[in-house]
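Everything on this sheet refers to the single structure shown next.
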């Protein structure tokens, strides 16, 4: 009865010093949507790299049986030829090229030795239609939003006549709307006979879409659950992922009293000279001492832009009007340095891109934003620095052999903790967290939520920007909703429901 | 039995240490191999005290340039103009001394200020206007080459008959008046350097032990100290048996100590590595990226001016061809010394080793009478092999 398109049997893959995969068995039925879940470092990506040939045949032990034949992929080209396509978290497209060039990039349609552009355009348009992207194929990729770029990536996979589509956290960077759109597309592809393997941290999506769910933990298969046999709940998945019950995803704070207003924006209006238009219109928000204020909105609503414009404006926006008040005092920060000095800190959404210095170690990254505090005369007091870095490492449970560990070698959750340690050492009055739990596993998320609660209990104020609605609802005392550069709604945590917030978020 | 076990552990540790620091050790090994090769080829001529002193004097201006270049390359910029900035500044010093009869020390100071002005000009173009460093300094190559020619247009090559000035790159430190056959002050400096080096190393190790960091075992550590001390003492002994420590070595040593301290111990140094590692992250951490970058360009041009003074002093004259290809030696020194091509990593102490590699090649091949054209090819090959090795070992480490 079982018709497996893919069977990975007893896969073991070792890296120097670590066994990334230990006897993993992973079976995918033809024509199903199979979700692969697990905490960061559980081995999901490694398993997919083994499958797609990034980790070559011979560097692992075990068998890959695809369409009934044992495979020995020497590289991505081999697996692609058999109809296996993998779409990574980071998009592998070229912003400056047109859509049709992107779709056929790397496997161009040739007429003789030359590229047949006419045929390319016709075929690409067809592929784009298949992913329900009704746009001019000659427009540049960069003029599309991230959600639509993701669709182009899938169109590219389809153009290679894909049988087995692997999606590595496809919705991590997408807002609710685009995510839904993408999930629907995956379902449609299923009807057309494409089998999908999806890696995701978003359990709600998984329970909605999956036919089968396989959970990995510490490089081993924990279980494979058939969603048609019984309804798999999020709680059940989490229990398998972390190996214990998690009663509450969002830790509760005991003391919820707030103080005076510490941060306020009045009629804050900002132009982006690069786009040549106003991107933020008359923003009015305030944050009180010891309060977590959520800032919800769809991708492109202007939340990150707002954060940048108040945090010393490193992107070069033009602030055309409005006032920023810190503890009642009017401020207009010239650069991040000034903002930090006056008690404002910003934890970026892109921790690898512009948050951390990956080639440096934990110690370096922990203290870099507040070296003034460690400097005596000309030199940095390294003993004190080591003490501080160790203190934070222990206090917020950064998992690493020592503070001399390079950031690039840490998992996403631990990197995020280092980011938090960095700003805790600065000890700001107002902390802006931009997507603090993106790409982080459940266990680490809980730790970060707990840490947020601890910080506000100590009198810090937090502005939390997040695309994950449940998270914003679960953590905020109060939340603002943004849409197209405007604040469209304000709710207390008691009033807010997903329904109400979404209505405001899509309002224009 | 136990002793045997320990010995095995020691061997293993040595191999481990060698493996994890292969990049650094390769550099030293390469230097030693090159030196041995030339010593054999020149029948011992290369290693003679006279030639070692000569090598130091030859390498001085390149070392100074390479130290400045290391900062620039860590920041993922480049400065192509350093050669002609050096040439131009050297020519100006010559004019000031011979035609305006300004005291040589005042003239040097003025030239360093001139270097600062040039650094400000290029640095501001890069940081404020946003012209890429490659373009800015390529234009600088044109400009300062032209200015060098203009400065010497009327006179042609200027001979500098100034003893104090010429001693900078030809003279040796004076000795204590003891009438000894070897240079006593040089030996004293050597001993002081050894004591200082040992003291710093032991202190650093004790510090690490205090925080339970992993350190090499005691025999390996002591072994390293002994080798380090031996190298310093042998070099000093060789120099002392000739005319003593060259002034150039003193100047390079002082500049090296200052820059090493700056990079490893101060906030500015941290910021330079941070910006090189990830400029955006550095900016968002409250670092003034433009200011630090501007500093690096100013420091580079001031050092280029100093290098120009050393070179002019070495030739005892200013010529219109001074500066040709200096930037190549400086950039090659930095990369051979382990500055990462992708930026964010590099040490001035290692850059000096890189300089020694490059200048030993020059010096050795000159002694052997190798044609200059071949010299360029050989240096280019060594350079690209070093960088290729660097790139490979780094990507493996990932």
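The values are calculated or read from the model by the stated rules, or taken from the named source; none is laboratory data. Predicted model only: the values in this text are computed from it and were never measured. Cβ atoms come from the backbone with ideal geometry, glycine included; neighbour counts cover every protein chain shown.
General remarks:
- Within the stretch A:335-350, considering residues that are crowded, with 18+ Cβ neighbours inside 10 Å and within 23 Å of the chain's Cα centre (by Cα), the one farthest from the other protein chains (Cβ to nearest Cβ): A:349
- For residue B:175: the one exception among (1) within 14 Å of another protein chain (Cβ to nearest Cβ); (2) outside any helix (DSSP H, G or I); (3) buried (at least 16 other Cβ atoms within 10 Å of the Cβ): (1)
- Unique match (being in contact with a strand residue (DSSP E or B) (Cβ under 9 Å, 6 or more places away or on another chain), away from chain A (no Cβ under 14 Å), touching a residue at least 40 places away in the same chain (Cβ under 8 Å) and in a helix (DSSP H, G or I)) among B:256, B:239: B:239
- Total residues in the stretch B:314-354, condition more than 18 Å from the chain's Cα centre (by Cα) and in a helix (DSSP H, G or I): 1
- Matching residues in the stretch B:283-301 - criterion: being within 7 Å of another protein chain (Cβ to nearest Cβ) and in a helix (DSSP H, G or I): B:283, B:284
- Set side by side, the residues A:291, A:205, A:234, A:278 differ, and just one is at pLDDT 85 or above and in the same structural domain as residue A:31 (by TED's automatic domain parsing), which is A:205.
- With respect to the conditions (1) in contact with a strand residue (DSSP E or B) (Cβ under 9 Å, 6 or more places away or on another chain); (2) more than 14 Å from every other protein chain (Cβ to nearest Cβ), residue B:351 lacks only one, and its number is (1).
- Set side by side, the residues B:200, B:192, B:234, B:227 differ, and just one is in a helix (DSSP H, G or I), within 14 Å of chain A (Cβ to nearest Cβ) and exposed (fewer than 13 other Cβ atoms within 10 Å of the Cβ), which is B:200.
- Look at the stretch B:166-178: where a residue is closer than 12 Å to residue B:245 by Cα and a partner is assigned to a loop (DSSP other than H, G, I, E, B), sitting 6+ places away or on another chain with Cβ atoms under 7 Å, you get B:172/B:243; B:172/B:244; B:172/B:245; B:173/B:244; B:173/B:245; B:175/B:183; B:175/B:244.
- Scanning the stretch A:208-228 for residues that are free of Cβ contacts under 8 Å to residues at least 60 places away in the same chain and farther than 15 Å from residue A:238 by Cβ gives A:208, A:226, A:227, A:228.
- Residue satisfying condition, being out of contact with any strand residue (DSSP E or B) (no Cβ under 8 Å at 6 or more places or on another chain), away from every other protein chain (no Cβ under 11 Å) and assigned to a helix (DSSP H, G or I), within set B:275, B:251: B:251
- Qualifying residue in the stretch B:45-55 (condition: surrounded by fewer than 24 Cβ atoms within 10 Å (Cβ to Cβ) and within 19 Å of residue B:351 (Cβ to Cβ)): yes
- Of all residues making up the stretch A:196-221, the number that are under 15 Å from residue A:24 (Cβ atoms) and surrounded by fewer than 18 Cβ atoms within 10 Å (Cβ to Cβ): 2
- Any hit, the stretch A:322-334, residues being closer than 18 Å to residue A:484 by Cβ and away from chain B (no Cβ under 13 Å): yes
- With a requirement of 1 or more residues that are within 22 Å of residue A:88 (Cβ to Cβ), the strands (runs of 3 or more DSSP E) lying completely within the stretch A:168-274 that satisfy it span A:195-199, A:212-217.
- Of all residues in the stretch B:372-391, those that are in contact (Cβ under 8 Å) with a residue 60 or more places away in the chain have Cβ atoms under 6 Å from Cβ atoms of residues that are assigned to a helix (DSSP H, G or I), 6 or more apart or on another chain, in B:386/B:336.
- Checked against the criterion of being at pLDDT 90 or above, under 20 Å from residue B:353 (Cβ atoms) and buried (at least 21 other Cβ atoms within 10 Å of the Cβ), the stretch B:254-266 contains one or more residues that satisfy it.
- When the stretch A:351-382 is filtered for residues that are more than 9 Å from chain B (Cβ to nearest Cβ) and part of a loop (DSSP other than H, G, I, E, B), the ones remaining, listed by number, are A:377, A:381.
- Only listed residue being farther than 30 Å from residue A:446 by Cα, at pLDDT 85 or above and in a helix (DSSP H, G or I), chosen from A:47, A:51: A:51
- When the stretch A:293-318 is filtered for residues that are crowded, with 20+ Cβ neighbours inside 10 Å and assigned to a strand (DSSP E or B), the ones remaining, listed by number, are A:293, A:294, A:295, A:296, A:297.
- Looking only at the stretch A:279-318, residues that are within 14 Å of chain B (Cβ to nearest Cβ), in contact with a helix residue (DSSP H, G or I) (Cβ under 6 Å, 6 or more places away or on another chain) and closer than 18 Å to residue A:479 by Cβ come to 0 in all.
- Residues (surrounded by fewer than 20 Cβ atoms within 10 Å (Cβ to Cβ) and touching a residue at least 40 places away in the same chain (Cβ under 8 Å)) located in the stretch A:127-140: A:132, A:138, A:139, A:140
- Residue A:321 out of contact with any helix residue (DSSP H, G or I) (no Cβ under 8 Å at 6 or more places or on another chain) and surrounded by 16 or more Cβ atoms within 10 Å (Cβ to Cβ): no
- Restricting the stretch A:383-431 to residues that are under 23 Å from the mean Cα position of the chain (by Cα) and within 11 Å of another protein chain (Cβ to nearest Cβ), the residue that is nearest to residue A:351 (Cα to Cα): A:419
Quick grid of which residues meet (1) in the same structural domain as residue A:159 (by TED's automatic domain parsing); (2) under 17 Å from residue A:164 (Cα atoms); (3) at pLDDT below 90; (4) loosely packed, with under 15 Cβ neighbours inside 10 Å:
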residue: A:55; (1), (2), (3), (4): yes, no, yes, no
residue: A:58; (1), (2), (3), (4): yes, no, yes, yes
residue: A:61; (1), (2), (3), (4): yes, no, no, yes
residue: A:65; (1), (2), (3), (4): yes, yes, no, no
residue: A:68; (1), (2), (3), (4): yes, yes, yes, yes
residue: A:80; (1), (2), (3), (4): yes, yes, yes, no
residue: A:84; (1), (2), (3), (4): yes, yes, no, no
residue: A:87; (1), (2), (3), (4): yes, yes, yes, no
residue: A:90; (1), (2), (3), (4): yes, no, yes, yes
